[in-house]
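The structure appears below as structure tokens.
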């Protein structure tokens, strides 16, 4: 049985997926082709990508050899395997794609709940425990869900589930530098984020007396580290040159540095 904290992550992942399902579950077939902010990706591509990565996570948890095969495919085409996986799924009829995604989510939920809590499972980066894998899946589901919401012109209400995304974003600070071939700053930053829907709740990370600081709404921080919005359009404040530089390059996801989004404000 998972420990209580892991069980909470698993439950939040299920809820995040269900929230996205509510956006796409009743969409007319023609709307699945709507373009999203990700260049070349429609709503169908976004759901197909989530299905593809859910399948990879399920294999990592239950079939190490099968997952190793997916890694070999990725190594053979490092610049195109993500787009290829999304393109393949996006070519399915929307009802079929939706059914596959739902089935894959249910299988992953069961595998996460059954996984040994202390075992580290293989992944494209360092091996991860089941709880960390669930957090990463939630982060990606939320981020790609934002692309879908933007394509539909829907404003989503942020929830406390964003704490998982924020935590990954903070922990991935040094990775954002490494993936760009830059040295990471010395010492931790202080990050203080106003929790969604709570007037006086703050999610805090890092030493309270750290001179380099980030403050602002948790939603804005999550949009930044998933590169779903440009910092010029967000109410985030940096204190110190290193913290300010980080806001220009932050990313919570593995893989190459993304191009980010252009500012809507024109600043």
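All of the numbers you see were taken from the coordinates with simple rules; none came from a lab. This is a predicted model, so every value here is computed, not measured. Neighbour counts run over all protein chains shown; Cβ positions are idealised from the backbone, glycine included.
Remarks
- Between the helical axis of 162-171 and the longest alpha-carbon principal axis of the chain there is an angle of about 70 degrees.
- The relative contact order of the chain comes to 18 percent, based on Cα pairs under 8 Å that sit 6 or more residues apart.
- Share antiparallel - DSSP beta bridges, the chain, percent rounded to 5: 65
- Zone of residue 156's modelled label, taken as backbone nitrogen in segment 212-238 under 17 Å from a point 7 Å along Cα→Cβ: 218-230
- The peptide list 138-144, 225-231, put in order of mean Cβ contacts within 10 Å with the highest first, becomes 138-144, 225-231.
- With a simple spin-label model that places each label point 7 Å from the Cα along the Cα-to-Cβ direction, the separation between residue 71 and residue 103 comes to 2.7 nm.
- Rg and Dmax of segment 4-146, both derived from C-alpha coordinates alone, stand at 14.9, 45 Å.
- Degrees between helix 43-62 axis and first principal axis of the chain (Cα, 0 to 90, nearest 10): 90
- Each peptide in 115-124, 97-106, 25-34 gets a packing score, the mean of other Cβ atoms within 10 Å over its residues, and the list from highest to lowest is 97-106, 115-124, 25-34.
- Folded to 0 to 90 degrees: helix 94-114 orientation relative to the chain principal axis, Cα: 70
- Share, in percent, of DSSP beta bridges within segment 162-249 that are antiparallel, nearest 5: 60
- Calculated on C-alpha atoms, the gyration radius of segment 9-85 divided by its Kirkwood radius gives an Rg/Rh of 1.03.
- Relative contact order, percent, segment 4-146 [alpha-carbon distance under 8 Å, six or more residues apart]: 38
- Taking each residue as 0.36 nm, the span from residue 254 to residue 87 lengthens on full extension beyond its C-alpha to C-alpha distance by 58.1 nm.
- Per-selection Kirkwood Rh - the chain (Cα, Å, 1 d.p.): 19.3
- Gap separating the Cα centres of segment 9-56 and segment 130-193, nearest whole Å: 17
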